[in-house]
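Read through the structure below, which is laid out as structure tokens, and then see the notes.
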Ligand code: GLU
């Protein structure tokens, strides 16, 4: 049976690149009807924090990444020490003069190699790999050792992780062979770069998964965007959880670093935002604006707003533009427009419903086609580009008639 794992160190906020690694391991296990393990590598006591552990679990729950087992590396300590002692007894690990315990690298061959599912054949000259630390001077194991021991004891068959671990893999394969462990299949995924081609850094980019969610990026959009960074998923644009399982082929992951293109994320988010309910839409609006919306029919217009929005900021801006002129009227009309507006007023002044409103205008040849610009001027002063009929529904017929009469009387 295929068993994969995601093995984060809880030393920082959940990184967007880690999310892709987690999802790929999840998808691979699901596709192969295998198991997916979440192992929190919390052995670095100084840098590990409970709040980061909680964040990992929170992100997993939000994205529906169900795991078959959750374990904490610190609980496996005795096992790590047992194997360390075995390596020392076998004469393969020695205490170095500098202090740490090091693995004695074999020097018979002039290079080391292994086959990677994505990178292909990896070949490293022997002289490039020095004897490496497997434990500190107090015998606490390093990442290289504890990680491969846990992979072995948890029967991991496939490791999918970032490219930055490819040299660690060579070392871990040496340890694994020395201890006669069953071989693991490795797939190293190219790192994510920013649009200018540099490694996605915390300083210049947002790398925190939860920050995107707070800004109004839907989890479905983030999921869809992140899985397609570096893998086309059979050229399918929109994929949900089960479609992505069916269309995942790890070996088709491209070798070049994936580019993080925010516009592409916005594109996906626009698609998924249009699916949210009215209640969820309300939650996207900030409290200050929400208070100003009470007299209006927001439900009439929310789909139009979502069509034009890529995140919460866009939604709030769109609403602000809609109500700006209502509170601070700056409309000016020329003579001709004023005359038309007077005709409009005569025609709609007693009307009660939107349908009647339209009908009366059309009868007098004052349909939106001809008068839309005047309506847009007096209601929103061109701040909003939403369809005029939606704008009128939002304010309601009575308020629009009041605005018309107010404009006529003030000009
Ligand atoms: N704890 C390691 C990390 O977060 C695990 C790497 C791995 O083997 O997946 O980089």
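Looking only at residues in the stretch 174-195 that are without any contact (Cβ under 8 Å) to a residue 60 or more places away in the chain and buried (at least 17 other Cβ atoms within 10 Å of the Cβ), which one is nearest to the chain's Cα centre (by Cα)?
Step one: of the stretch 174-195, the residues without any contact (Cβ under 8 Å) to a residue 60 or more places away in the chain are 176-177, 180-184.
Retained after the next criterion (residues that are buried (at least 17 other Cβ atoms within 10 Å of the Cβ)): 176, 181, 184.
Values: 176: 35, 181: 36, 184: 29 Å.
Across the stretch 174-195, the extreme among qualifying residues is 184.
Would you check if residue 42 is within 20 Å of residue 151 (Cβ to Cβ) and either within 14 Å of the ligand (Cβ to nearest atom) or in a helix (DSSP H, G or I) (or both)? Before the answer, list the steps.
Working: within 20 Å of residue 151 (Cβ to Cβ): yes; either within 14 Å of the ligand (Cβ to nearest atom) or in a helix (DSSP H, G or I) (or both): yes.
Yes.
Looking at 11, 43, 4, which is the one that is in contact with a helix residue (DSSP H, G or I) (Cβ under 8 Å, 6 or more places away or on another chain), at pLDDT 95 or above and farther than 16 Å from residue 158 by Cα?
On the way: 43 fails: at pLDDT 95 or above; 4 fails: farther than 16 Å from residue 158 by Cα.
The conditions single out 11.
All but one of (1) within 32 Å of the chain's Cα centre (by Cα); (2) surrounded by fewer than 20 Cβ atoms within 10 Å (Cβ to Cβ); (3) more than 9 Å from the ligand (Cβ to nearest atom) hold for residue 137; which doesn't?
(1)
Taking the stretch 335-380 on its own, how many of its residues are outside any helix (DSSP H, G or I), surrounded by fewer than 16 Cβ atoms within 10 Å (Cβ to Cβ) and under 50 Å from the mean Cα position of the chain (by Cα)? Spell out how you get there, then give the answer.
The first filter runs over the stretch 335-380 and keeps only residues outside any helix (DSSP H, G or I), leaving 349-353, 364-367.
So of that shortlist, the ones also surrounded by fewer than 16 Cβ atoms within 10 Å (Cβ to Cβ) come out as 349-350, 352-353, 364-365, 367.
Within this subset, residues satisfying the condition of being under 50 Å from the mean Cα position of the chain (by Cα) are 352-353, 367.
The number of residues fulfilling the criteria is 3.
Among 26, 52, 114, which is outside any helix (DSSP H, G or I) and either within 26 Å of residue 223 (Cα to Cα) or in contact (Cβ under 8 Å) with a residue 12 or more places away in the chain (or both)?
Values: 26 fails: outside any helix (DSSP H, G or I); 52 fails: outside any helix (DSSP H, G or I).
Going through 26, 52, 114 in turn, the sole match is 114.
With 169, 142 as the choices, which residue is within 12 Å of the ligand (Cβ to nearest atom), out of contact with any helix residue (DSSP H, G or I) (no Cβ under 6 Å at 6 or more places or on another chain) and farther than 30 Å from residue 227 by Cβ? Let's see the steps before the verdict.
Values: 169 fails: farther than 30 Å from residue 227 by Cβ.
On inspection, the qualifying residue turns out to be 142.
Looking at 224, 246, which is the one that is out of contact with any helix residue (DSSP H, G or I) (no Cβ under 6 Å at 6 or more places or on another chain), away from the ligand (no atom under 15 Å from the Cβ) and farther than 30 Å from residue 94 by Cα? Explain how you work it out, then say what you get.
Working: 224 fails: out of contact with any helix residue (DSSP H, G or I) (no Cβ under 6 Å at 6 or more places or on another chain).
From the options 224, 246, the qualifying one is 246.
Would you mind telling me which numbered condition in (1) surrounded by 19 or more Cβ atoms within 10 Å (Cβ to Cβ); (2) touching a residue at least 24 places away in the same chain (Cβ under 8 Å); (3) in a helix (DSSP H, G or I) residue 384 fails?
So the condition that residue 384 fails would be (3).
Criterion first (within 16 Å of the ligand (Cβ to nearest atom), at pLDDT below 95 and in contact with a helix residue (DSSP H, G or I) (Cβ under 7 Å, 6 or more places away or on another chain)) does residue 191 satisfy it?
yes
Applying the selection to the stretch 29-39, what residues are surrounded by 21 or more Cβ atoms within 10 Å (Cβ to Cβ) and either assigned to a loop (DSSP other than H, G, I, E, B) or near the ligand (Cβ under 10 Å from one of its atoms) (or both)? It would help to see each step written out before you state the result.
First, the residues of the stretch 29-39 that are surrounded by 21 or more Cβ atoms within 10 Å (Cβ to Cβ): 29-30, 36-39.
Selection gives 39 alone.
Condition (residue is assigned to a helix (DSSP H, G or I) and within 16 Å of the ligand (Cβ to nearest atom)) applied to the stretch 85-107: is it met by at least one residue? Working first, answer last.
Just the residues of the stretch 85-107 that are assigned to a helix (DSSP H, G or I), to begin with: 85-89.
Next, from what is left, pick out any that are within 16 Å of the ligand (Cβ to nearest atom): none.
Checked against the condition, which is being assigned to a helix (DSSP H, G or I) and within 16 Å of the ligand (Cβ to nearest atom), the stretch 85-107 yields no hits at all.
The values are calculated or read from the model by the stated rules, or taken from the named source; none is laboratory data. Fair warning: this is a prediction, and the values are worked out from it, not measured in the lab. All Cβ positions, glycine included, derive from the backbone under ideal geometry; neighbour counts span all protein chains shown.
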